[in-house]
Amino acid sequence: MKVAVLGAGPAGLYFAISMKRRNPAHQVTVVERNRPDDTFGWGVVLSAETLDNLADNDPVSAAWIRDHFAYWDDIAVYHGGRRTVSTGHGFCGIGRRRLLLLLQRRARELGIQMAFETEFDDPRPFMETHDLVVAADGLNSRSRSAFAEVFKPDIDVRKCKFVWLGTRQKFDDAFTFIFEKTEHGWVWAHAYQFEPETATFIVECSEETWRRFGFGEMSREESIATCERIFAKYLGGHSLMSNAGHLRGSAWINFPRVLCERWSHKNLALMGDAAASAHFSIGSGTKLALESAVALADYLHSEPDLPAAFAKYEDARRVEVLRLQSAARNSLEWFEDVERYLGLDPVQFNYSLLTRSQRISHENLRLRDPAWLSDAEAWFQRRSGNADNVHRTPMFAPFRLRDMTLKNRIVVSPMAQYKAVDGCPTDWHFAHYAERAKGGAGLVGIEMTCVSPEGRITPGCTGFYAPEHERAWKRLVDFVHAETEAKICAQIGHSGPKGSTQLGWQKMDAPLPSGNWPVMAASDVSWSPANQVPRAMDPADMARVRDQFVASARMAARCGFDMLEIHAAHGYLLSSFITPLTNRRTDQYGGSLENRMRYPLEVFHAVRAAWPAHKPISMRISANDWVGDDGVTPAESVEIARLLQAAGVDICDVSAGQTSILARPVYGRMFQTPFSDRIRNEAGMATMAVGNIYEPDHVNSILLAGRADLVCLARPHLADPYWTLHAAVQMGDRDVKWPDPYLPGRDQIYRLSERNATMGMRV
C-alpha cells in the first residue's frame with residue numbers, strides 16, 4: 001500500500017511506524033511543512049497505561065520514550081497562601097521535541113520516507129497518487145478544511161486565554177497548579193517537569209483579565225516579562241521561555257475544541273487533533289492521537305477494504321474520544337469558571353480541582369492518597385459542626401436549616417406516586433414514605449401535593465385541601481417522627497398548564513381521555529399542541545391560587561412537617577411565570593426577570609408568613625430550560641436564586657428542564673449538578689443537587705467539592721428504600737441508625753460485607 005501521512009506530529013509519525021511494523025512492504029511517506037527539530041509545544045503528558053499500550057505496538061520506540069520520561073506522583077496546588085499536596089496520581093512526561101525526534105529516528109530505521117519543509121494546502125493531489133492518505137495536520141488542519149462539507153467539523157472556541165511557555169525552574173516534585181490574584185484579576189499556571197532541566201509552564205486567565213492586562217497589544221517579550229512578574233515568587237529567579245516564533249504577537253490563544261461528524265472521505269482519514277481535540281488540562285491529546293494511530297493501523301490490516309477499516313476506526317475511536325472530550329469539557333469549564341471557586345477554603349478548592357473532570361471520584365482519591373482524603377473529610381465534618389466523629393464521609397455530615405438539623409445530607413427526592421383517591425393519600429403512600437424514612441436518609445420529601453383539585457397534575461395526585469388529606473398526612477408524619485430519625489418535607493404546588501393529564505405510567509403529560517378539567521397558567525400557552533390551551537390568569541385567579549398555597553402550607557404545618565418546599569419548576573404553574581417560553585404577559589408579571597419572578601415571590605412571601613418561623617422553606621426551580629437564550633439559562637438561574645435568597649428562601653432545590661417540549665437536555669451522570677454548583681458558588685445560596693445521582697461516590701464528590709449542600713436521589717430510592725443504610729455498609733460506616741427490629745439484619749449484612757472484602761483481598 002502506498003501511504004501519505006500529512007503532518008509529522010506524534011499522530012502522523014506513530015501511524016507511519018505502526019503501518020510499517022505491520023507490513024514492511026508498505027511505502028509510507030510523511031510530509032511536514034516545518035523543519036525536523038521544530039516544535040511549538042513543550043512537554044507531553046502520558047500515563048503508564050498508555051506507555052504499556054505503546055510497548056505492545058512497538059517495543060523499540062516505547063523503550064526509547066520510557067528512557068526519557070520524567071515521573072511524578074504528586075499534585076501541588078498553590079492557593080490562598082497555602083501549598084496543598086496530594087499523592088498517588090502517577091504522571092509521566094516527555095518533551096514534545098524529544099518525542100518527535102525519537103519517533104523520527106524510529107521512522108528512519110523502519111524505512112519511512114520523511115519530507116520536511118514541504119508545504120501542502122490541499123490533500124487532493126496526495127489522494128490521487130496514493131492508496132491511503134492520513135491527515136494528521138493538527139488543530140488547524142487544512143485537510144479538514146478542504147472537505148469541511150464532508151467532515152462537518154464542530155469547532156468550539158473556548159473562553160479562556162492561554163500561552164504555552166517553558167522554564168528552567170524545577171517543578172520535578174509535583175504537577176503544580178498556581179493561582180495568583182493580580183491587580184487585573186486571577187491568573188493561573190499549569191506547570192510540570194518534562195526534562196531534567198526544563199518544565200512546561202502554561203499561563204491561563206479569563207478573557208476579561210487578559211484584556212485588562214493588555215496582553216493583546218504586547219509583544220511576545222513584553223507578555224513573557226509580565227508573566228514572569230506575576231509568578232516571580234514561584235520561578236526562583238528563572239525566566240520564562242516561548243518557542244512560538246511562528247505566531248504573531250504575544251502568542252496567547254483560545255483553545256478550540258474540535259469534533260468532526262465524519263473522520264474519513266474516500267481514501268482520506270483524519271487523525272489526532274484534525275479529527276478531535278481534548279483540552280490540555282487533562283493531558284490526553286497525545287494519548288488520543290497515539291492510540292488512534294494504533295487503531296487505524298490495526299483495522300487497515302484486519303478489514304477487507306478501506307471503507308470497512310474506516311468504519312471500524314470511527315466507531316471504535318469515537319466512543320473513546322467522546323468519553324475523553326466529556327472529561328476534558330468538565331475540566332476546561334472548571335478552569336473557565338475557576339473564579340467561582342477561588343473563595344473556597346483551600347481544602348475544598350483542592351478537592352474541587354482534583355475531581356473537576358469526574359474521572360477522579362471520591363473513593364478513587366482514597367485509593368490514591370487515603371491520608372489526604374481523610375484529612376479533607378475531617379475538615380468537612382468539623383465545618384458541618386460534627387467535631388466528635390470527623391472520619392465519616394461527607395454524606396454523613398449533619399446539616400442545619402433554621403431549627404431543623406438533618407442527621408445526614410441524603411434526601412429522598414419527591415416522586416409522584418399517582419395513587420391518591422380524590423387527592424387523599426392512601427395506604428400506598430403510608431407504606432412508601434414510611435419505608436424510605438426507615439431507610440436512613442436525613443430528609444424525605446413527599447411528592448408534589450396540590451393546593452386545589454384543579455391544581456392536580458393527574459387524578460392520582462395528592463392534595464392539601466380537604467380534612468381527610470390532613471388526617472392521612474398527619475398519620476404518616478407522626479410515624480416518621482416516632483419511629484425514625486428522618487425529617488419530612490412537604491412539597492406543595494399547582495400543575496398549571498400541565499394539569500388534567502394521565503397517570504405517569506400511562507401517557508405522560510397527555511390529556512385525559514375524558515373528564516378533563518380547565519387549566520390556567522401565566523399566559524395562554526399550551527404545554528403541547530395536544531394539550532389544553534390554559535386560561536391566562538387574571539388578578540382574581542392569582543389572589544385565589546396564592547391563598548390556596550397559604551391554606552395548604554397551614555395544613556402541612558398542622559400535620560407537623562419539618563420543612564416546606566414550593567414547586568416552581570418543570571413547567572407547572574409558578575414555573576410558567578418564571579420562564580419566558582410560557583410567560584407572554586405584558587403587565588407587571590411579564591417581560592423582565594424581576595417581573596416574571598413577581599408572582600412566585602408573592603406566593604412565597606404569603607406562604608412564609610403562614611409557615612412557622614423556625615421551620616425552613618425551599619423552592620424548586622428549573623435552572624435551565626435547555627433551549628438556549630430563548631428560555632431560562634444557567635446564568636439567569638443565578639439571578640433567580642439571588643432573588644429567592646433576598647426574599648428569605650432557605651435553600652434552592654436546583655432541577656432543570658421539563659418546561660417545554662422544545663428542550664434538548666444533555667444527559668449524563670450528575671448532569672444537573674453543574675447548575676446547583678453555579679448557584680451555590682456564585683449566588684452564595686445553599687442548594688440541593690438532583691439528576692442521575694445514584695452512587696455514594698457521586699454524593700460524596702458533590703458535597704466535598706462544594707457543589708451542593710444536600711443531594712437528592714429519586715430513582716435509586718424507588719429501587720431501594722434502604723439506599724442510605726446500604727451505602728453505609730458499602731463504606732464500612734457503622735454509625736448509622738437502623739430500626740431496632742432490623743438489627744439482626746444489620747449485623748448480618750456487615751459481616752457479609754467484611755467477609756466479601758477479605759475474600760476479595762485474598763484473591
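Can you list the helices (runs of 4 or more DSSP H) lying wholly within the stretch 712-763 that have 1 or more residues being open to solvent by 80 Å² or more (accessible area, probe 1.4 Å), under 20 Å from E695 (Cβ atoms) and among the hydrophobic types (A, V, I, L, M, F, W, C)?
Result: 715-719.
For R366, state whether it is open to solvent by 30 Å² or more (accessible area, probe 1.4 Å), in contact with a helix residue (DSSP H, G or I) (Cβ under 6 Å, 6 or more places away or on another chain) and under 30 Å from T209 (Cβ atoms).
no
Tell me, which residue of the stretch 287-311 that is acidic (D, E) and in a helix (DSSP H, G or I) is nearest to F255 (Cα to Cα)?
Within the stretch 287-311, the subset acidic (D, E) is 291, 298, 303, 305.
From what is left, the residues that are in a helix (DSSP H, G or I) are 291, 298.
Details: E291: 22, D298: 31 Å.
Ranking the candidates gives E291 first.
Which pairs turn up if I take residues in the stretch 590-604 that are touching a residue at least 40 places away in the same chain (Cβ under 8 Å) and β-branched (V, I, T) and look for partners that are open to solvent by less than 50 Å² (accessible area, probe 1.4 Å) and outside any helix (DSSP H, G or I) with beta carbon separation below 8 Å, at least 6 apart in sequence or on another chain?
Here the result reads V603/I566, each pair linking the stretch 590-604 to a residue that is open to solvent by less than 50 Å² (accessible area, probe 1.4 Å) and outside any helix (DSSP H, G or I).
Looking at L373, L332, which is the one that is of a type in the set (A, V, I, L, M, F, W, C), modelled with pLDDT under 95 and not in a loop (DSSP other than H, G, I, E, B)?
L332
Going through R608, R642 one at a time, which residue ends up being in contact with a strand residue (DSSP E or B) (Cβ under 7 Å, 6 or more places away or on another chain), surrounded by fewer than 21 Cβ atoms within 10 Å (Cβ to Cβ), in contact (Cβ under 8 Å) with a residue 40 or more places away in the chain and not in a loop (DSSP other than H, G, I, E, B)?
It is R608.
For the stretch 71-83, enumerate the residues that are open to solvent by 20 Å² or more (accessible area, probe 1.4 Å) and in contact with a strand residue (DSSP E or B) (Cβ under 7 Å, 6 or more places away or on another chain).
Y71, D74, Y78, R83
Take W611 and tell me if it is of a type in the set (F, W, Y) and either at pLDDT below 95 or on the phi < 0 side of the Ramachandran plot (or both). Steps first, answer last, please.
Working: of a type in the set (F, W, Y): yes; either at pLDDT below 95 or on the phi < 0 side of the Ramachandran plot (or both): yes.
Spelling it out, W611 is indeed of a type in the set (F, W, Y) and either at pLDDT below 95 or on the phi < 0 side of the Ramachandran plot (or both).
Just checking: which of the helices (runs of 4 or more DSSP H) contained wholly in the stretch 10-81 hold 1 or more residues that are more than 30 Å from F179 (Cβ to Cβ) and without any contact (Cβ under 8 Å) to a residue 40 or more places away in the chain?
Output list reads 48-57, 59-67.
Quickly run through the stretch 405-419 and pick out the residues that are within 25 Å of Y572 (Cβ to Cβ), open to solvent by 10 Å² or more (accessible area, probe 1.4 Å) and not hydroxyl-bearing (S, T, Y).
Result: P414, M415, A416, Q417, K419.
Give me the pairs: first residue in the stretch 519-534 and open to solvent by 20 Å² or more (accessible area, probe 1.4 Å), second residue in a strand (DSSP E or B), beta-carbon distance under 6 Å, and six or more apart or on different chains, which are they?
Pairs that qualify, where the first residue is open to solvent by 20 Å² or more (accessible area, probe 1.4 Å) and the partner is in a strand (DSSP E or B), are D524/A536.
Condition first: surrounded by 20 or more Cβ atoms within 10 Å (Cβ to Cβ) and either over 18 Å from D629 (Cβ atoms) or not polar (S, T, N, Q) (or both). Now tell me which residues in the stretch 582-600 satisfy that.
Y589, R596, M597, Y599, P600
For the stretch 645-668, which positions are under 21 Å from G496 (Cα atoms), in contact with a helix residue (DSSP H, G or I) (Cβ under 7 Å, 6 or more places away or on another chain) and not in a strand (DSSP E or B)?
A656, T659 - these are the residues of the stretch 645-668 that are under 21 Å from G496 (Cα atoms), in contact with a helix residue (DSSP H, G or I) (Cβ under 7 Å, 6 or more places away or on another chain) and not in a strand (DSSP E or B).
From the list I94, I112, which one is in contact with a Ser or Thr (Cβ under 8 Å, 6 or more places away or on another chain) and open to solvent by less than 20 Å² (accessible area, probe 1.4 Å)?
So the residue among I94, I112 that is in contact with a Ser or Thr (Cβ under 8 Å, 6 or more places away or on another chain) and open to solvent by less than 20 Å² (accessible area, probe 1.4 Å) is I112.
Pairs under 6 Å by beta carbon, first residue within 22 Å of H79 (Cβ to Cβ) in the stretch 230-242, partner open to solvent by less than 40 Å² (accessible area, probe 1.4 Å) and in a helix (DSSP H, G or I), six or more apart or different chains?
L240/I224; L240/C227
Can you pull out the residues in the stretch 701-711 that are farther than 16 Å from C489 by Cα and open to solvent by less than 10 Å² (accessible area, probe 1.4 Å)?
If the condition is that a residue be farther than 16 Å from C489 by Cα and open to solvent by less than 10 Å² (accessible area, probe 1.4 Å), then I702, L703, L704, A705, G706, A708 are the ones that fit.
Considering only residues that are in a strand (DSSP E or B) and open to solvent by less than 70 Å² (accessible area, probe 1.4 Å), which ones fall in the stretch 115-163?
The answer is A115, L132, V133, V134, A135, P153, D156, R158, C160, K161, F162, V163.
Within the stretch 82-114, track down each residue that is hydrophobic (A, V, I, L, M, F, W, C) and assigned to a helix (DSSP H, G or I). Working first, answer last.
At the first step, the residues of the stretch 82-114 found to be hydrophobic (A, V, I, L, M, F, W, C) are 85, 91-92, 94, 99-103, 107, 110, 112, 114.
Listed by number, the residues that qualify are L99, L100, L101, L102, L103, A107.
Cβ-Cβ below 6 Å, separation at least six or inter-chain, first residue in the stretch 182-195 and within 21 Å of F349 (Cα to Cα), second open to solvent by 30 Å² or more (accessible area, probe 1.4 Å) and not in a strand (DSSP E or B): which pairs?
W186/E339
What pairs can you find where one residue is in the stretch 683-707 and over 14 Å from M395 (Cβ atoms) and among the polar types (S, T, N, Q), the other is open to solvent by less than 20 Å² (accessible area, probe 1.4 Å) and at pLDDT below 95, and their Cβ atoms are less than 7 Å apart, with a gap of 6+ or different chains?
Filtered contacts from the stretch 683-707: N692/M670.
Could you tell me how many of the residues in the stretch 139-178 are touching an Asp or Glu at 6+ places or on another chain (Cβ under 6 Å), at pLDDT 95 or above and among the hydrophobic types (A, V, I, L, M, F, W, C)?
3
Just one of (1) under 23 Å from Y599 (Cα atoms); (2) in contact (Cβ under 8 Å) with a residue 60 or more places away in the chain trips up W505, so point out which.
Tallying (1) under 23 Å from Y599 (Cα atoms); (2) in contact (Cβ under 8 Å) with a residue 60 or more places away in the chain, W505 fails exactly one: (1).
Restricting the stretch 295-320 to residues that are crowded, with 20+ Cβ neighbours inside 10 Å, touching a helix residue (DSSP H, G or I) at 6+ places or on another chain (Cβ under 6 Å) and touching a residue at least 24 places away in the same chain (Cβ under 8 Å), which is farthest from A276 (Cα to Cα)?
L300
The values are calculated or read from the model by the stated rules, or taken from the named source; none is laboratory data. Here the structure is a predicted model, which means the values were calculated and not measured. Every residue, glycine among them, receives a Cβ derived from its backbone with ideal geometry; neighbour counts consider all protein chains shown. These accessible areas exclude ligands, DNA and RNA; they are computed on the full protein's heavy atoms, side chains included. Shrake-Rupley method; radii C 1.70, N 1.55, O 1.52, S 1.80 Å.
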